[in-house]
1. Using just the helices of the chain, give the 222 nm mean residue ellipticity in deg cm²/dmol: DSSP H runs with n ≥ 4 each add -39,500 (n - 2.57), and the total is spread over all residues, rounded to 500.
2. Across the stretch 274-331, how large is the tail of the calculated P(r) beyond 20 Å, expressed as a percent of all Cα pairs?
3. Quick one: check the C-alpha center-to-center distance for the stretch 272-289 versus the stretch 426-465, whole angstrom.
4. What order, most packed first, do the peptides 366-374, 514-522, 298-306 have when packing is the mean number of other Cβ atoms within 10 Å of each residue?
5. Quick one: which residues, 5 or more positions from residue 548 or on another chain, have an amide H under 5 Å from its amide H? H modelled 1.01 Å from N in the peptide plane, none for Pro or chain starts.
6. Can you tell me the orientation of helix 274-289 relative to the chain, as the angle in degrees between its alpha-carbon axis and the longest Cα principal axis, to the nearest 10?
7. What is the helix-to-structure angle for 421-433, meaning the angle in degrees between its Cα long axis and the longest Cα principal axis of the chain, kept from 0 to 90 and rounded to the nearest 10?
8. Would you calculate the separation in nanometres between label points at residue 230 and residue 199, each defined as 7 Å from the Cα along the Cα-to-beta-carbon direction?
Amino acid sequence: MKYTHFTVFAALLVNTTFAQTIKSQNQKSEISKPKLVVGIVVDQMRWDFLYRYTNRYTPNGFKRLLGEGFTCDNAFIPYTPTVTAAGHTSIYTGSVPAIDGIVGNNWFDQNEQRGVYCSEDKTVKTVGGPDGLNGKMSPRNMLVTTIGDEIRLASNFRNKVIGVALKDRGSILPAGHSATAAYWYDVNSGNWITSTYYMNELPKWAADFNAKKIVDKYYEGNWNTLYPINTYTQSTADEKDYENKPFGNDQKGFPYSLKQFATKNYSNIATTPFGNSMTFDMAKAALDNEQLGKGTETDMLCVSLSSTDYVGHSFGPNSVETEDTYLRLDKDLGDFLSYLDAKVGKGNYTVFLSADHGVAHVPGFMKENKLPGGTFNETDAQKQLNSLLKEKFGSDKLVVGMFNYQVHLNHPAIDSVKLDEEAISKVVIKYLQSQEAVSQVFEIKELVETPIPAKQKNMFINGYFPSRCGDIQIILKSGYIDGGKTGTTHGLWAPYDSHIPMVFFGWGVKHGHTNKETYMTDIAATITALLHVQMPSGCVGSVVEEAFK
């Protein structure tokens, strides 16, 4: 009798254990996912800025990303021109301009025969501010899907994707076509605005945020260096003649008085580190009020930090202003990561941080230090070319534009009077070859046969979308930029413009780094693989498998 009872008990124990094992295995087989993905793009951040100021970075900002995350130290942009709109698009689509159509911030459209702005949309209206051009924006010029679009599709649109940036293009293009919302800063009103592409009126929380006029509070604090200015040993001396003076000719260096701009001038905040701080404030408000990371599906927040670009253009990468901006950004970044820990939960979110492009040194700085560099002015070159072409061919405005280091010929005018286009191209090329700043010039249709290094050739091919690109390609010498006597810019194939940071952090990411050559396009491929969703429709990137746990 005792034996029979024991046999029954043993059988029940085996069945219960087997059922629990099956349940455990089923639970493990389910694909887990983060509650939130956060994309952070630091506008104009060269790769070396991850390490240049590391002795003064806090433990909670860039050092935390590097210490806990996975960094690709040899990440590059695989196309030209290396500019904001193209960079943000490539990061979030995994594509290149030849496919996604975003060939620059602006371009000359051959079909429409006019200049086009990357996110312009005349069919929509401003929401949240005065109805001007600043609000007539949408992602319609972008021809492929983004990470956000794909996670929306994967959840049957049961999640949220939101973009936030000072620049419209830094918010709209990353968030994608199906975004819940994209918000950007209106320099005329000091409000965060959107367009009727997304909604017909601002949510109450966004209107309340605007009512606080946080920009004026930042102005009241002025801008002085975070530490004593004589300790900024990674920078040149302050008040260089080759720096711009964005706050007026009477303000040549630190400390900068910003109080005078309160309630009067809402644009100057962008050229201070506080533009980034204000962007994080808006991102936190969106995170809280839209309950990002609280649902059953993975949400996404796309944050672009534009002030680093404005500061960099005005003062250059070796300035005290740039160093101070990154030291302050590091503190803001650390605070934001801690905020995500508190609101979403440490380990419940995935972050990637990158940049849309780098930047060249100010030509004046290069000259001062006996380094190669100088300037080339596309506007002046276009005037000179049109004057020369009129003299030779008798027609006005045979060059209709010079965008993104390309010359656009006036094809309708050339065809109407039956001019020899090849002869015109030869005159243009000969003139440009005579310019000190120019390394090479060639007709784009001859790109494949042109004897230039394969890396350059591939970058030009990846940047070529026929109806939005020109006829003749210009390659400047190293260190040369399209600009004037002060400030600097970017846009070329060179490493100072194309070598960018690429860091993955948080859920699903292990600690480590690679020096393997990777590309901006790999970000979208990696994030979508991590989430087990389809990659964006134009993605040409590869998965960085080494980053996965």
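Read the figures in this text as sums done on the coordinates, not as results from a lab. This one's a predicted model, so the numbers in the text were calculated from it and none came from an experiment. All Cβ positions, glycine included, derive from the backbone under ideal geometry; neighbour counts span all protein chains shown.
1. Values: 19 runs with 194 residues, N = 549.
Value at 222 nm, helices only: -10500 deg cm²/dmol.
2. On the way: 631 of 1653 pairs.
When all Cα pairs of the stretch 274-331 are counted, 38 percent exceed 20 Å.
3. That distance is 42 Å.
4. Numbers: 366-374: 14.2, 514-522: 18.9, 298-306: 28.6.
In descending order of packing, they fall as 298-306, 514-522, 366-374.
5. 510
6. 40 degrees
7. Its long axis makes an angle of about 90 degrees.
8. 5.2 nm
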